[in-house]
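Down below is the structure, laid out as structure tokens.
The values are calculated or read from the model by the stated rules, or taken from the named source; none is laboratory data. Given the structure is predicted, the values throughout are model-derived calculations rather than measurements. Neighbour counts are summed over all protein chains in view; Cβ atoms, including those assigned to glycine, are modelled from backbone coordinates with ideal geometry. For accessibility, only protein heavy atoms count, side chains too; no ligands or nucleic acids. Shrake-Rupley method; radii C 1.70, N 1.55, O 1.52, S 1.80 Å.
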Amino acid sequence: SVTPSSTAGSSTLCHFDPLPQDLLLAVLSFTSMRNWALCCAVSTQFRDAVAVLLRTLQRININCVTIEEVHVPLLCYMLSRPLPALLAVNVSGLATVTTSCARSLFHALGNASGKPAMTTLALDDAQMLDSKMLAQIAAACPKLTSLRLLNCSRLESTAFSEPRTTALASRLEDFALTHAFRVPEDELIKFIGQSTNLRSLSVSSCQHISDD
């Protein structure tokens, strides 16, 4: 219910009684993750409701083209929360956001709270991804079996020799990588050679590897 609480000038300030959580969860379940991010800034009740939904979320698709920069911190807050049921994350349009926004998203994905069930990660236009961030994400996702990293021009030469990242090799079943210009050919070959469970491999525009 809504009750007037005071009057300021010509405007009436109202007090909203808390919605029943079941009703709030039902309403939020029909909205997008972008709207969940906005709801986190409304009140503690809304933030708690979003946390409940996040614990059951299995797939996240983020198109950065449709996200305003001011909303990125709230989105990162949600990604850094415990996501025990999350299976897949797909982030596209990263080239349209600022460097700081892209790096914030990567840090949120690599948050220590972890994504223990996540098996699939796809990062398109991931120019801002560096070796340290990749290692953090690998450590936060111990069951990752499918990894797509496109346009990763900032990955350093040690990207696939870092222990937390090399631990991925034996688990990977699907691997795609493009534009990792700084990664030495022998390091990449060694990483792929350790991926004995690979079913799908796509590597292009890397050292001595052309699109052909």
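Brief remarks on what is shown
- Among the criteria (1) exposed (fewer than 14 other Cβ atoms within 10 Å of the Cβ); (2) modelled with pLDDT of 90 or more; (3) in contact with a Ser or Thr (Cβ under 6 Å, 6 or more places away or on another chain), the one ASP186 does not fulfil is (3).
- Taken together, the criteria place LEU23 among residues that are of a type in the set (A, V, I, L, M), farther than 28 Å from THR145 by Cα and at pLDDT 80 or above.
- Top-ranked residue in segment 42-63 [being outside any strand (DSSP E or B) and charged (D, E, K, R); ranked as farthest from LEU74 (Cα to Cα)]: ARG55
- Hits in segment 105-137 (condition: closer than 17 Å to GLU69 by Cα, part of a helix (DSSP H, G or I) and open to solvent by less than 50 Å² (accessible area, probe 1.4 Å)): LEU105, PHE106, ALA108
- Every listed requirement among (1) surrounded by 11 or more Cβ atoms within 10 Å (Cβ to Cβ); (2) in a strand (DSSP E or B); (3) modelled with pLDDT under 80 is met by HIS71 save one, (2).
- Across segment 47-60, a minimum of one residue is classified as modelled with pLDDT of 85 or more, open to solvent by 60 Å² or more (accessible area, probe 1.4 Å) and out of contact with any Leu (no Cβ under 8 Å at 6 or more places or on another chain).
- Residue match in segment 154-175 (condition: of a type in the set (A, V, I, L, M, F, W, C), in contact with a Ser or Thr (Cβ under 8 Å, 6 or more places away or on another chain) and part of a strand (DSSP E or B)): yes
- Qualifying residue in segment 166-181 (condition: free of Cβ contacts under 8 Å to residues at least 60 places away in the same chain, on the phi < 0 side of the Ramachandran plot, polar (S, T, N, Q) and loosely packed, with under 15 Cβ neighbours inside 10 Å): yes
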